[in-house]
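A short write-up of the structure that comes next.
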Amino acid sequence: MNDLDPVASFGALLTSEGRALLDAVRGTEPARELAVATRLRREHPAGLVSAALSQGRLRQRAVVKFGAADAERMFFTPNGVEQSTRASVAAYRAARFRELGVRSVADLCCGIGGDAIALARAGIRVLAVDRDPLTAAVARANAAALGLDDLIEVREADVTEVDTGAYDAVFVDPARRGGRGRIFDPEAYSPPLSWAVRAARTAPLAALKVAPGIPHEAVPAEADAEWISDSGDVKEAVLWFGTGEAGAVRATLLPGPRTLSGRGLPDPAVRPVGRFLYEPDGAVIRAHLVAEVAAELDGGGLIDETIAYITADSATATPYATAYEITDRLPFGLKKLKALLRERGVGVLTVKKRGSAVEPEELRRKVKPQGPNSATVFLTRVQGAPTMLLGHPAALGDQGS
């Protein structure tokens, strides 16, 4: 063990002793770590025991992204767990590469290899590149651990110096976190978005993973943009090059997938609140496709020109929005809401807000809901006026994500 050399320390986990320790610490609860460490250090180097316990914690965190079966075999770094693509999203993107006829991909800024794994499982040959020695070592170990090292070549290198000419496509996932947390300026990504766009333009086909908050005006004219959510959570945006769909905009919802394509519709008209309220999926909102959802509804319109809530008088099932039946509309006021909740016997209160500064937990604490019933309250604006809408999810069949 060499505590000053993270690659050597990680390599020790790949030895037979290291792997035995990883098996020994699997599932260790935080409260038991000290006792487990004390016991294991009697027979193993203290540094190796600490490394195994740390890896065990990372594997537990990674289950939500990779599933238990893969996470328990894979290796991680703290940044790798945080920044890696959720397996379901990576698998969807890999399937799209395959549908586009891609058989080989240069995965630039590969991280711990999550996307490379999904691509390889789709039968695509991958060159996975990362300039960080430890990250590259972890990616290489993951390819071997999952039996994919025949399809994944991991190279430690600066992605700006890699020749990708021999590959059908390029995938770039720039680092969007720094020492101070998330990076919101695309030119502060590592490498910058402008470099990634230049790399994409020179490839037959390319995909750039970017933050879902990317401004639409920052999307290059020759790219088509796709916003992806998984189980209702917006995960990423992808800029695709070379697909023949320049300027297209899509929202894709997982599981499914269900994809809504933009038609360039004007913003829906503002109308009075009807019996039903529709909350579009976050990917739909990020893709600016609320109008496309409203067009699917009978008389669908906005409750306010600045708020992405759609209202209609009749119920229509749509996978791109969650529908709620509205029972009450009140001007904003905690006393009125508290009295109404008491009258309805509401003890389980879901609070949603859009266009309101009130925090959900603060509202729950002040109204103190009690009773056997449940309800949803929307803190929002209706034609400019602060408003509370009370209702419950509508049972419409195929709706939501």
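Let me have the 222 nm mean residue ellipticity of the chain computed from DSSP H runs of 4+ only, each contributing -39500 (n - 2.57), with the sum over all residues rounded to the nearest 500. Can you show the working numbers first?
Values: 14 runs with 131 residues, N = 401.
Helix contribution divided over all residues of the chain: -9500 deg cm²/dmol.
Can you give the Rg to Rh ratio for the stretch 144-250, taking only C-alpha atoms and Rh from Kirkwood? Taking Rg over the Kirkwood Rh, I get 0.98.
Across the stretch 1-115, Cα pairs under 8 Å and at least six residues apart give a relative contact order of 20 percent.
When the Cα atoms of the stretch 1-140 are aligned to their principal axes, the ranges along those axes come out at 55, 27, 23 Å in descending order. Between residue 248 and residue 175, what FRET efficiency follows from the Cβ-Cβ distance if R0 is 35 Å, with the result rounded to 0.05? E between residue 248 and residue 175, to the nearest 0.05, is 0.80.
Its residue count N fixes a reference of 2.2 N^0.38 Å for the stretch 98-137, and the Cα radius of gyration divided by that reference is 1.17. Here the Karplus relation 6.51 cos²θ - 1.76 cosθ + 1.60, evaluated at θ = phi - 60°, turns the backbone of the stretch 308-322 into coupling constants of 8, 10, 9, 10, 7, 8, 10, 8, 9, 6, 8, x, 9, 7, 9 Hz, with x for every Gly and Pro. Extension gain, residue 158 to residue 348: 0.36 nm times the residue separation minus the Cα-Cα distance gives 63.1 nm. The modelled label-to-label distance for the pair residue 187/residue 366, using points 7 Å beyond Cα in the direction of Cβ, is 4.2 nm. Taking the Cα atoms of the stretch 239-287, the ratio Rg/Rh between the radius of gyration and the Kirkwood radius comes to 1.06.
A viscosity of 1.002 mPa s and a temperature of 20 °C, combined with the Kirkwood radius over Cα pairs in Stokes-Einstein, give a translational diffusion coefficient for the stretch 129-170 of 194 µm²/s.
Share of the stretch 130-179's accessible area from carbon and sulfur, percent, 1.4 Å? Carbon with sulfur: 41 percent of the solvent-accessible area.
Note on the stretch 50-89: Cα-only Rg and Dmax are 9.4, 32 Å.
How large is the direction-averaged shadow of the alpha-carbon convex hull of the chain, in nm²? Intermediate results must be reported in sequence, preceding the final value.
On the way: hull surface 90.3 nm².
Mean orientational projected area (the chain, Cα hull): 22.6 nm².
Taking a 32 Å limit on the Cα-Cα distance, which of the listed pairs 65/353; 65/366; 235/353; 65/336 fall beyond it? The pairs that break the limit, which is 32 Å between Cα atoms, are 65/366; 65/336. For chymotrypsin sites (Phe, Trp or Tyr not before Pro), the sites in the stretch 160-265 that DSSP calls loop and that have at most 13 other Cβ atoms within 10 Å are 184. Relative contact order, whole percent, for the chain stands at 9, derived from Cα pairs under 8 Å and 6 or more residues apart. By its C-alpha gyration tensor, with a ≥ b ≥ c as the square roots of the eigenvalues, how is the stretch 76-233 shaped: rounded for a/c under 1.5, else prolate for a/b larger than b/c, else oblate? Verdict is rounded for the stretch 76-233.
In summary, the convex hull built on the alpha carbon positions of the stretch 264-327 has an orientation-averaged projected area of 3.8 nm². Contact order for the stretch 68-214, expressed relative to its length and based on alpha carbon pairs under 8 Å spaced 6+ residues apart, stands at 22 percent.
Can you pull the percent of Cα pairs in the stretch 213-350 with separation above 20 Å? Don't skip to the answer; put the middle values down first.
Values: 5066 of 9453 pairs.
Cα-Cα pairs of the stretch 213-350 separated by over 20 Å account for 54 percent.
With the Cα gyration tensor of the stretch 350-401 giving a ≥ b ≥ c as the square roots of its eigenvalues, does the rule (a/c under 1.5 for rounded; else a/b larger than b/c for prolate; else oblate) give rounded, prolate or oblate? List each step's numbers first, then the result.
On the way: a/c = 2.10, a/b = 1.15, b/c = 1.83.
Oblate, since a/c reaches 1.5 and b/c is not below a/b.
Based on protein heavy atoms only, the stretch 275-401 ends up with 46 Å² per residue of surface accessible to a 1.4 Å probe.
Kirkwood hydrodynamic radius for the stretch 187-254: how many Å is it when counted over pairs of different Cα atoms?
Numbers: mean 1/r = 0.0817 Å⁻¹.
Taking every pair of different Cα atoms in the stretch 187-254, averaging 1/r and inverting gives 12.2 Å.
What the Cα atoms of the stretch 75-141 give is an Rg and a Dmax of 11.5, 34 Å. Kirkwood's formula applied to the C-alpha pairs of the stretch 1-53 gives a hydrodynamic radius of 11.1 angstrom. Note on the stretch 293-401: Kirkwood radius taken over Cα pairs, Stokes-Einstein applied at 25 °C and 0.890 mPa s, translational D equal to 169 µm² s⁻¹.
What is the percent carbon and sulfur in the accessible area of the stretch 271-401, measuring with a 1.4 Å probe over the protein chains and ignoring ligands? Write down the numbers at each step before the final one.
Numbers: 2950 of 5960 Å².
Accessible surface attributable to carbon and sulfur in the stretch 271-401 totals 50 percent.
The values are calculated or read from the model by the stated rules, or taken from the named source; none is laboratory data. Everything numeric in this text was worked out from a predicted model, so none of it was measured. Reconstructed Cβ throughout: ideal geometry from the backbone, glycine too, with neighbour counts over all protein chains shown. These area figures cover heavy atoms from the full protein model, side chains too; ligands, DNA and RNA do not enter into them. Shrake-Rupley method; radii C 1.70, N 1.55, O 1.52, S 1.80 Å.
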